[in-house]
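*Asks:* Dumping the structure here so I can ask a few things about it.
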Ligand code: S3P
């Protein structure tokens with residue numbers, strides 16, 4: 001992890017022009033993983049040069065996969081096939097990435113060797129039983145620390161058996177871990193979800209030639225096939241675009257276009273929520289890129305009003321609640337969020353950290369176990385707000401700070417590089433007032 005850094009953010013200018021945010025984190029992780037397990041050479045373009053996805057690439061290099069970087073945001077993955085990975089004597093460091101660790105747990109459960117997965121302080125506090133328990137039901141043996149926490153020691157040479165599993169919580173990470181283990185299992189693996197989650201693993205397995213049957217909330221595959229290398233064009237990450245969608249919506253005079261944003265419907269719940277709040281966002285140039293829908297999004301300032309966020313949207317905007325909280329704090333009236341208890345086990349407890357951060361700037365928020373009520377419209381003031389090392393909290397607070405009448409000191413922001421390297425420079429170019437604290 002890079003050295004600890006803080007930001008000073010203040011009242012910025014209207015957001016103008018065109019911005020292209022970096023590649024999608026979820027797609028980048030999966031492109032490296034499937035590329036590594038495929039036969040042949042996979043070229044990945046638009047790869048996210050973030051700490052999380054680079055950690056995943058490093059893990060596969062440690063496992064004997066050659067991965068070249070001919071240019072920034074490009075990777076050439078020399079696949080070793082499903083059974084070509086080699087044991088690593090050293091632990092495999094997933095950094096800050098829950099996606100990396102959980103998906104790797106699934107893929108490594110089927111190997112002929114043992115592995116140890118470790119992570120940073122935040123990842124070391126995140127629940128892993130949600131993957132280790134169903135993987136154990138498939139025959140895997142994974143030891144964790146007390147409470148099911150990382151590090152995970154994954155014992156190899158286990159004969160895996162397909163299962164039918166209904167996820168207790170909607171989680172693309174758990175679903176994906178089981179599907180990746182299912183590649184190595186005897187028989188069929190069937191995963192059902194209480195609410196559909198992002199389907200990149202399913203789409204990408206199909207693109208790599210693995211027979212898979214899937215529909216929203218359902219996926220089924222069987223073991224014993226082959227992944228064949230392909231090209232992966234990673235779209236821009238909707239979750240990174242989200243900060244700009246909110247910033248341009250709440251900062252008067254803004255008119256900003258975000259280019260080539262990934263528009264997978266399992267990711268764009270925030271767009272629907274913002275529109276319900278009165279946001280002015282146009283989709284133009286809708287097209288396909290590497291099998292994923294993308295569009296340009298033109299967002300203009302508009303007065304927002306509070307809403308009850310429909311619970312059905314929660315999985316489709318699970319990473320966007322920190323940004324949504326900022327929109328809610330700037331809206332007229334109250335916004336309520338419920339059915340979102342998962343926010344408590346993300347990179348930080350995002351209900352608590354956002355409530356604390358926005359309160360430090362003068363907003364009124366009532367925390368609930370599975371969400372919050374945010375009373376919008378209060379004038380925000382300067383102060384100190386702690387991101388708790390959570391990238392999305394840091395970027396959301398930087399957006400909120402634009403409406404404050406004094407400087408906001410945002411602490412512990414270095415993890416922004418996990419998902420959005422260069423956020424501060426791009427944000428400044430667009431009009432945000434944001435700089436490193438000395
Ligand atoms: C992700 C799934 C989500 C999301 C995370 C990335 C993925 O987590 O919060 O940032 O790439 O599968 P859960 O599936 O655990 O909700």
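*Asks:* Out of (1) within 15 Å of the ligand (Cβ to nearest atom); (2) part of a loop (DSSP other than H, G, I, E, B), the odd one out for residue 351 is which?
*Replies:* Unmet for residue 351, out of (1) within 15 Å of the ligand (Cβ to nearest atom); (2) part of a loop (DSSP other than H, G, I, E, B): (2).
*Asks:* Out of the residues in segment 156-172 that are more than 17 Å from residue 221 (Cβ to Cβ) and either within 12 Å of the ligand (Cβ to nearest atom) or surrounded by fewer than 16 Cβ atoms within 10 Å (Cβ to Cβ) (or both), which is modelled with the lowest pLDDT?
*Replies:* The extreme case among them is 157.
*Asks:* Take the residues in segment 127-155 that are surrounded by 20 or more Cβ atoms within 10 Å (Cβ to Cβ) and either within 16 Å of the ligand (Cβ to nearest atom) or modelled with pLDDT under 95 (or both); name whichever of them is nearest to residue 4 (Cα to Cα).
*Replies:* 150
*Asks:* Related question: Just need a number here: residues in segment 119-133 that are touching a strand residue (DSSP E or B) at 6+ places or on another chain (Cβ under 7 Å) and closer than 19 Å to residue 417 by Cα.
*Replies:* Going through segment 119-133 one residue at a time, the tally reaches 3.
*Asks:* Testing residue 300 on (1) more than 26 Å from residue 236 (Cβ to Cβ); (2) surrounded by fewer than 24 Cβ atoms within 10 Å (Cβ to Cβ); (3) touching a strand residue (DSSP E or B) at 6+ places or on another chain (Cβ under 6 Å), one condition comes back false. Which one is that?
*Replies:* For residue 300, the failing item is (1).
*Asks:* Another question, if that's okay. So, residue 32, is that one crowded, with 17+ Cβ neighbours inside 10 Å and within 14 Å of the ligand (Cβ to nearest atom) or not?
*Replies:* Yes, satisfied.
*Asks:* I'm trying to understand the selection: among the residues of segment 73-98, which are surrounded by fewer than 19 Cβ atoms within 10 Å (Cβ to Cβ) and farther than 22 Å from residue 43 by Cα?
*Replies:* Of everything in segment 73-98, those that are surrounded by fewer than 19 Cβ atoms within 10 Å (Cβ to Cβ) and farther than 22 Å from residue 43 by Cα turn out to be 87, 88, 89, 90, 91.
*Asks:* Give the number of residues within segment 78-110 that are under 23 Å from residue 27 (Cα atoms), in contact (Cβ under 8 Å) with a residue 60 or more places away in the chain and more than 13 Å from the ligand (Cβ to nearest atom).
*Replies:* 7
*Asks:* Would you mind telling me which numbered condition in (1) surrounded by fewer than 22 Cβ atoms within 10 Å (Cβ to Cβ); (2) out of contact with any helix residue (DSSP H, G or I) (no Cβ under 7 Å at 6 or more places or on another chain); (3) under 19 Å from residue 175 (Cα atoms) residue 124 fails?
*Replies:* (3)
*Asks:* Next up: Out of all the residues in segment 240-249, is one or more touching a strand residue (DSSP E or B) at 6+ places or on another chain (Cβ under 7 Å), touching a residue at least 60 places away in the same chain (Cβ under 8 Å), within 16 Å of the ligand (Cβ to nearest atom) and under 28 Å from residue 41 (Cβ atoms)?
*Replies:* Looking for residues that are touching a strand residue (DSSP E or B) at 6+ places or on another chain (Cβ under 7 Å), touching a residue at least 60 places away in the same chain (Cβ under 8 Å), within 16 Å of the ligand (Cβ to nearest atom) and under 28 Å from residue 41 (Cβ atoms), one finds none in segment 240-249, hence no.
*Asks:* Filter segment 308-348 for residues that are assigned to a helix (DSSP H, G or I), touching a strand residue (DSSP E or B) at 6+ places or on another chain (Cβ under 7 Å) and away from the ligand (no atom under 15 Å from the Cβ) and give the result.
*Replies:* Of everything in segment 308-348, those that are assigned to a helix (DSSP H, G or I), touching a strand residue (DSSP E or B) at 6+ places or on another chain (Cβ under 7 Å) and away from the ligand (no atom under 15 Å from the Cβ) turn out to be 325, 328, 329.
*Asks:* Report, by residue number, each residue of segment 267-307 that is in a loop (DSSP other than H, G, I, E, B) and modelled with pLDDT under 95.
*Replies:* Scanning segment 267-307 gives 290, 291.
*Asks:* Pull up segment 185-211, narrow it to residues that are more than 15 Å from the ligand (Cβ to nearest atom) and assigned to a loop (DSSP other than H, G, I, E, B), then point me to the one that is nearest to residue 76 (Cα to Cα).
*Replies:* The extreme case among them is 208.
*Asks:* Could you please let me know if residue 389 is under 29 Å from residue 25 (Cα atoms) and either surrounded by fewer than 16 Cβ atoms within 10 Å (Cβ to Cβ) or in contact with a strand residue (DSSP E or B) (Cβ under 6 Å, 6 or more places away or on another chain) (or both)?
*Replies:* Against the criterion (under 29 Å from residue 25 (Cα atoms) and either surrounded by fewer than 16 Cβ atoms within 10 Å (Cβ to Cβ) or in contact with a strand residue (DSSP E or B) (Cβ under 6 Å, 6 or more places away or on another chain) (or both)), residue 389 does not qualify.
Yes/no matrix, rows are residues, columns are (1) within 18 Å of the chain's Cα centre (by Cα); (2) surrounded by fewer than 17 Cβ atoms within 10 Å (Cβ to Cβ); (3) closer than 28 Å to residue 308 by Cβ:
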| residue | (1), (2), (3) |
| --- | --- |
| 335 | no, no, yes |
| 341 | yes, yes, yes |
| 373 | no, no, yes |
| 382 | no, no, no |
| 430 | no, no, no |
| 433 | no, no, no |
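*Asks:* Among the candidates 70, 14, single out the residue that is surrounded by fewer than 21 Cβ atoms within 10 Å (Cβ to Cβ), in contact (Cβ under 8 Å) with a residue 12 or more places away in the chain, more than 28 Å from residue 112 (Cβ to Cβ) and over 24 Å from the mean Cα position of the chain (by Cα).
*Replies:* None of the other options fit; the residue is 14.
*Asks:* Here's a follow-up. Does residue 400 satisfy the criteria of being more than 21 Å from residue 24 (Cβ to Cβ) and free of Cβ contacts under 8 Å to residues at least 40 places away in the same chain?
*Replies:* no
The values are calculated or read from the model by the stated rules, or taken from the named source; none is laboratory data. Remember, predicted model here, so these are calculated numbers, not experimental data. Every residue, glycine as well, gets a Cβ built from its backbone with ideal geometry; the counts of neighbours run over all protein chains shown.
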